[in-house]
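Colleague: To start, I am sharing the structure in question, which I have written as structure tokens.
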Amino acid sequence: MTARFLALHETPADPETFDRHYRQIHIPLLRHLPGLRRYTVSRDVAALPGTLCYLITELDWDTMDELRAAFASPEGRATAADAARLQELAPVRRMIFTVEEA
């Protein structure tokens, strides 16, 4: 089983500024989250009617306890603070859940 953090970013008013910040600041912060096993960033999302999604980020840990500990760490708090800056550039919906691999 995998514990996953998912962030769905809506289309920013200024995509160039958002992308630059995401690439240069946010991704380096994500890479330092303790216990992070894998992360993916998806672009060119084919939106279904009623959805507005510009970018999807998925972060995986082995357990939900490790995910929670990562965000409670200094690195996690720094990442959360930067996520607040990204929220100013584009609305985001976040969720955590477990994934059962089939």
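The values are calculated or read from the model by the stated rules, or taken from the named source; none is laboratory data. Small disclaimer: the values here were computed from a predicted structure and weren't measured. Note: ideal-geometry Cβ built from the backbone for every residue, glycine included; neighbour counts use all protein chains shown.
Colleague: In segment 7-30, what residues are small (Gly, Ala, Ser) and surrounded by 12 or more Cβ atoms within 10 Å (Cβ to Cβ)?
Modeller: If the condition is that a residue be small (Gly, Ala, Ser) and surrounded by 12 or more Cβ atoms within 10 Å (Cβ to Cβ), then ALA7 is the only one that fits.
Colleague: Identify, from the list LEU89, LEU33, LEU29, LEU59, the residue that is free of Cβ contacts under 8 Å to residues at least 60 places away in the same chain and under 20 Å from GLU10 (Cβ atoms).
Modeller: Unique residue meeting the criteria: LEU59.
Colleague: Let me ask you something else. Give me the strands (runs of 3 or more DSSP E) completely within segment 31-102, filtered to those with at least 2 residues that are surrounded by 16 or more Cβ atoms within 10 Å (Cβ to Cβ) and touching a helix residue (DSSP H, G or I) at 6+ places or on another chain (Cβ under 8 Å), ordered by residue number.
Modeller: Working: elements: 38-42, 55-61, 92-99.
Strands (runs of 3 or more DSSP E) meeting the threshold: 55-61.
Colleague: Out of the residues in segment 11-36 that are in contact with a Phe, Trp or Tyr (Cβ under 6 Å, 6 or more places away or on another chain) and not β-branched (Val, Ile, Thr), which is modelled with the lowest pLDDT?
Modeller: Here the answer is PRO12.
Colleague: Across segment 62-87, which residue is nearest to PHE5 (Cα to Cα) among those that are more than 15 Å from the chain's Cα centre (by Cα) and not hydroxyl-bearing (Ser, Thr, Tyr)?
Modeller: Among them, the one singled out is MET64.
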